[in-house]
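Step one of this worksheet: look at the structure below.
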Amino acid sequence: MMTDFESIIQSVYESVKNGDNKGEVASYIPELKDVNPEHFGACLSTIDNRVFGVGDFQKTFSIQSIVKVFSLCMAYRISGQKLWKRLGVEPSGNPFNSLVQLEADNGIPRNPFVNAGAIVICDILLSVLPDAHKDFLTFMRDISDDDSVNYSERIASSEKSAGYRNVALCNFIKSFGNIHNEPEEVLDFYFRICSIEMTCEGLSKAMLFLANGGRKTTDKRAIMNPSQAKRINAIMQSCGHYDESGEFTYRVGLPGKSGVGGGIAAVHPQDFSILVWSPRLNARGNSHRGMKFLEEFTTASQCSIF
Ligand code: GLN
């Protein structure tokens, strides 16, 4: 693809920066509420390893739910199809931290990207990995080619101090028998993986294997097979933005995943991954300027998958 990413990224950035910066920074995790709401950056990485960054693309931020893509990849790679006995692949149509469907669904979360599903994925990883905390970090460092990627103990313990809904979710799922480890252990792992801090540049590079049929673009090793990578992208497309997944597909037209730190990751299979970060969130918990940026970007570059 010979699109002029450099000038498109720059002009879309200027246009969105000059527009409104609506919404609220996530405050239910105490450590997140002090982040400067004016931060704004984006980075696009291509599968032939060209990188185009703009604004605050080298500042670290809390990746939060974007990590759910990577925890799913790791669990799917290890468990294969039997993963889907423990959770589904349907859009939930509900907020990320909702409890309501679980009762009717007998503790089987709708998908791996709502909190309930990500907590079940954490339980699976704790059961199958010799040292889940260490092994997950090793995985993140490997796909990022960056040994400095780390958990933020500050953010993890801040979330733990106020994580009442996630505690409720985990215990509720346990009551249906779909959590096998101790809830406290599962939640500690969940809060820790959500606390990882990365930059737009680092995350866009870490996502690249999903644009490249499951294979890293640097050392060419397969992280997963092409069919698995295709399915992860499909789940991002249908479930990556909770009860705004349809809207994201309509406006942006790329598989994507958001986090309450204000990041949004998106993938164009066979071409690139793109990361945008702006902390103010809309009512559905997705970055307001992040969605606008990606909408204008896919319009200007004609790079939606549709
Ligand atoms: N750690 C956050 C939580 O569980 C992640 C939510 C998100 O980014 N949408 O609430």
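Counting only residues that are away from the ligand (no atom under 16 Å from the Cβ) and loosely packed, with under 15 Cβ neighbours inside 10 Å, which one in the range 12-32 is nearest to residue 160 (Cα to Cα)?
From the range 12-32, those away from the ligand (no atom under 16 Å from the Cβ) are 12-22; that's our starting set.
Of the ones still in play, those that are also loosely packed, with under 15 Cβ neighbours inside 10 Å are 14-15, 18-20, 22.
Working: 14: 37, 15: 38, 18: 37, 19: 35, 20: 33, 22: 28 Å.
Only one residue tops the list, namely 22.
Would you tally the residues in the range 48-58 being out of contact with any Ser or Thr (no Cβ under 6 Å at 6 or more places or on another chain) and either within 16 Å of the ligand (Cβ to nearest atom) or in a loop (DSSP other than H, G, I, E, B) (or both)?
Within the range 48-58, the subset out of contact with any Ser or Thr (no Cβ under 6 Å at 6 or more places or on another chain) is 48, 50, 52-57.
Subset that is either within 16 Å of the ligand (Cβ to nearest atom) or in a loop (DSSP other than H, G, I, E, B) (or both): 48, 50, 56-57.
Residues that pass the stated criteria total 4.
From (1) buried (at least 18 other Cβ atoms within 10 Å of the Cβ); (2) within 16 Å of the ligand (Cβ to nearest atom), pick out the condition that doesn't hold for residue 139.
(2)
Select from the range 93-133 the residues that are at pLDDT 95 or above, outside any helix (DSSP H, G or I) and within 15 Å of the ligand (Cβ to nearest atom) and list them in ascending order.
Of everything in the range 93-133, those that are at pLDDT 95 or above, outside any helix (DSSP H, G or I) and within 15 Å of the ligand (Cβ to nearest atom) turn out to be 109, 110, 111, 112, 113, 114.
Yes/no per residue for (1) on the phi > 0 side of the Ramachandran plot; (2) hydroxyl-bearing (Ser, Thr, Tyr); (3) within 11 Å of the ligand (Cβ to nearest atom); (4) in contact with a Leu (Cβ under 6 Å, 6 or more places away or on another chain):
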{"site": "160", "(1), (2), (3), (4)": "no, no, yes, no"}
{"site": "167", "(1), (2), (3), (4)": "no, no, yes, no"}
{"site": "176", "(1), (2), (3), (4)": "no, no, no, no"}
{"site": "214", "(1), (2), (3), (4)": "yes, no, no, no"}
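Please verify whether residue 144 is away from the ligand (no atom under 16 Å from the Cβ), in contact (Cβ under 8 Å) with a residue 60 or more places away in the chain and hydroxyl-bearing (Ser, Thr, Tyr), treating the condition exactly as stated.
Here the answer is yes, as residue 144 does meet what is asked.
If the requirement is being at negative phi, more than 16 Å from the ligand (Cβ to nearest atom) and in contact (Cβ under 8 Å) with a residue 24 or more places away in the chain, which of these qualifies: 278, 245, 258, 204?
It is 204.
From 45, 79, 62, which residue is surrounded by 14 or more Cβ atoms within 10 Å (Cβ to Cβ) and within 16 Å of the ligand (Cβ to nearest atom)?
So the residue among 45, 79, 62 that is surrounded by 14 or more Cβ atoms within 10 Å (Cβ to Cβ) and within 16 Å of the ligand (Cβ to nearest atom) is 62.
Taking the criterion of being surrounded by fewer than 24 Cβ atoms within 10 Å (Cβ to Cβ) and assigned to a helix (DSSP H, G or I), would at least one residue in the range 259-277 satisfy it?
No: zero hits.
When you look at residue 172, is it in a helix (DSSP H, G or I) and more than 11 Å from the ligand (Cβ to nearest atom), yes or no?
yes
Consider residue 224 carefully, then state whether it is crowded, with 19+ Cβ neighbours inside 10 Å, outside any helix (DSSP H, G or I) and touching a strand residue (DSSP E or B) at 6+ places or on another chain (Cβ under 9 Å).
Yes: the conditions hold for residue 224.
For residue 90, are the conditions met, namely being more than 13 Å from the ligand (Cβ to nearest atom) and more than 19 Å from residue 171 (Cβ to Cβ)?
The answer is yes for residue 90.
Every residue, every condition in (1) assigned to a strand (DSSP E or B); (2) modelled with pLDDT under 95; (3) not small (Gly, Ala, Ser), yes or no:
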position: 1; (1), (2), (3): no, yes, yes
position: 6; (1), (2), (3): no, no, yes
position: 10; (1), (2), (3): no, no, yes
position: 20; (1), (2), (3): no, no, yes
position: 27; (1), (2), (3): no, yes, no
position: 31; (1), (2), (3): no, yes, yes
position: 38; (1), (2), (3): no, no, yes
position: 44; (1), (2), (3): yes, no, yes
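The values are calculated or read from the model by the stated rules, or taken from the named source; none is laboratory data. All figures in this text were calculated on a predicted structure; none of them were measured in a lab. Cβ sites come from the backbone with ideal geometry, for glycine too, and all protein chains shown count toward neighbours.
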